[in-house]
Amino acid sequence: MGIILKKGLQNTIITYLGIILGFVNIVVLQPYLLDPEEIGLLRTIFAISSFIALVAPLGISNITIKYFSYFRNKDKKHHGYLGFALLYTLIGYLIVGILLYAFSSWIISKYYFNSPLIIQFFYFIFPMSLFMSVSSVLNNYCNVIYKPVLPSFLNDIVVRTAYLIIISLYYFNVINLKTLIILYVSIYLLQLITLLIYILKTERPQMMYDKEVITLGKAREMIKYGLPFTLAAVSAVGIKQIDSIMLGWYTPLSIVGIYTLAMFIPSVIEAPIPAIDKIAAPKISDAWVKDDHEDIKNIYFRSSRYLMLLGGLLFLGIVLNVKTLYLLLPHVFSSGINVVYIISLSSLFNMSSGLNNQIIFSSQHYKSGLLFLFLMFIVVVLGNAILIPLFGMTGAAISASVGSFIYNVLKYFYIWKKLNLQPFDYNTIRCLIVIGFSAFMGYFIPDLVNPIFSILCRSASIALTYGILTYMFKIVPEINEIINRKLLTFFKREN
């Protein structure tokens, strides 16, 4: 767990700097710089592009996580695996791009009545999804060679900073809406070029794949493994993007904009997952190759405990402060408060489940994981179709949360039954007690006149209570040892 914790911590720091920047961007400034309809436009373009970017690589990210260990050889430049991955992705994008163009009239028709602004900028989705597809492959390659820091920095800091700059230019009438969209797409081109230059400079990879190692038979084996993950990618969108995509079918883009802001706030809770995942996923994959079940058990057990504890603190900070936070925003956005509550609860449950995704999808049981993903996708799509017309954005949040809950429960029981692994013990109960008691204490802290001071004081009080209880219950022995060592050193100096 040493390298996972060290590099996971680096990624977490970058991720949270990005979250802070994103918070300032989306929650503090964006509601004043853009109309809800303009926020909804940008979100919908991003959601559809992300959908295409997940599908187009035809499962290459999962192929890389599972199979890269077989080709890992720095002296031989990993046998040109990067060249194979990029070629495979470009072929996949060509196929998916043709399908997108063939169905573009149908997609546009879904937005015709409620969100006509989408139609004007629909075809910008093609270049943006291409840039995002290739960037995802380069990101994934950096992860498996244990160099995840720059990709995280680009994605969490650079992209968000550039986004803030261009919407500021738009607000001050330096650029018009069309130029804003062009620059928005160009941000992802900049990300792609930077990643490519970084890999070429630091790794000097062999772009022509080694046909003696990546043989036709091995390529078929990898493709046979990866193609079903195209379905997995489609299904994963059910929890990530499909709500925003379908919301624009039934409601105006302004509602999508309000929903976008509301959905961002609980995203803070799950921020540690991708940070840890970037390092843990290759480690779990290597453990499967070595048949090291003890290492997998250790990662699963600790990830659940740490993520649940951290997720609980973030959950309390959000749900106990969200009403006060919305006082700082234009009143039109306050209709999204219920979305924050619903998604926050779902995010806490997801955090508490640990790294179950990586354990299933890097093992021989990945087909069961695909089935669970597909079931989740069906639940979310049907839920959206039924609940959005009835309850609007709240219906989308309920649908996403129910789908996530079912998905995690299925994975939990499957791993328990098939692999005899489950991450919960007496410390789980202690975590729940800490979360529950801290919530009780935080609920009765009164609001101050100034909303910002209210949020700061309540958050500090919750964090202090949470920290003391975590130390008293010895939920994370490593933290207790560090604190005890520091206290012992301090008192020795005093004496």
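The values are calculated or read from the model by the stated rules, or taken from the named source; none is laboratory data. None of the values given here were measured: they were computed from a predicted structure. Neighbour counts are summed over all protein chains in view; Cβ atoms, including those assigned to glycine, are modelled from backbone coordinates with ideal geometry.
Conditions tested, residue by residue: (1) touching a helix residue (DSSP H, G or I) at 6+ places or on another chain (Cβ under 6 Å); (2) under 24 Å from residue 59 (Cα atoms).
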site	(1), (2)
147	no, yes
152	yes, yes
172	no, no
198	yes, yes
Over region 444-495, the set of residues among the basic types (Lys, Arg) and modelled with pLDDT of 90 or more is 458
Subset of region 413-427, residues hydroxyl-bearing (Ser, Thr, Tyr) and touching a residue at least 40 places away in the same chain (Cβ under 8 Å), comes to 414
Taking the criterion of being modelled with pLDDT of 90 or more and closer than 16 Å to residue 84 by Cβ, would at least one residue in region 173-193 satisfy it? no
Where a residue in region 65-76 is modelled with pLDDT under 75 and its partner, wherever it lies, is of a type in the set (Asp, Glu), with Cβ under 8 Å and at least six apart: 69/286; 76/210
Where residue 160 falls short, out of the listed (1) under 26 Å from residue 51 (Cβ atoms); (2) surrounded by fewer than 15 Cβ atoms within 10 Å (Cβ to Cβ); (3) basic (Lys, Arg): (2)
Being assigned to a helix (DSSP H, G or I) and either free of Cβ contacts under 8 Å to residues at least 24 places away in the same chain or surrounded by fewer than 16 Cβ atoms within 10 Å (Cβ to Cβ) (or both) is the requirement here; does residue 410 meet it? no
Restricting to region 323-357, give me the number of residues that are crowded, with 20+ Cβ neighbours inside 10 Å and outside any helix (DSSP H, G or I). 3
Exactly one condition in (1) outside any helix (DSSP H, G or I); (2) crowded, with 18+ Cβ neighbours inside 10 Å is false for residue 364; which is it? (2)
Residues (closer than 20 Å to residue 20 by Cβ and among the aliphatic types (A, V, I, L, M)) located in region 308-326: 310, 313, 314, 316, 318, 319, 320, 322, 325
Can you report the number of residues in region 446-475 which are in contact (Cβ under 8 Å) with a residue 24 or more places away in the chain, under 13 Å from residue 431 (Cβ atoms) and not polar (S, T, N, Q)? 4
Show the residue pairs that are 6+ apart or on different chains and have beta-carbon atoms under 6 Å apart, the first residue being within region 366-395 and on the phi > 0 side of the Ramachandran plot, the second being surrounded by 20 or more Cβ atoms within 10 Å (Cβ to Cβ). 392/251
Are there helices (runs of 4 or more DSSP H) fully within region 240-304 with at least 1 residues that are touching a Leu at 6+ places or on another chain (Cβ under 6 Å) and either modelled with pLDDT under 85 or at positive phi (or both)? List them. 272-289
Filter region 55-92 down to residues that are within 18 Å of residue 195 (Cα to Cα) and among the aliphatic types (A, V, I, L, M) and give me whichever is surrounded by the most Cβ atoms within 10 Å (Cβ to Cβ). 60
If I ask for residues that are within 23 Å of residue 392 (Cβ to Cβ), without any contact (Cβ under 8 Å) to a residue 60 or more places away in the chain and either surrounded by fewer than 14 Cβ atoms within 10 Å (Cβ to Cβ) or in contact with a Ser or Thr (Cβ under 9 Å, 6 or more places away or on another chain) (or both), which ones from region 102-111 would you list? 109
Out of all the residues in region 482-491, is one or more loosely packed, with under 14 Cβ neighbours inside 10 Å, farther than 27 Å from residue 316 by Cβ and polar (S, T, N, Q)? yes
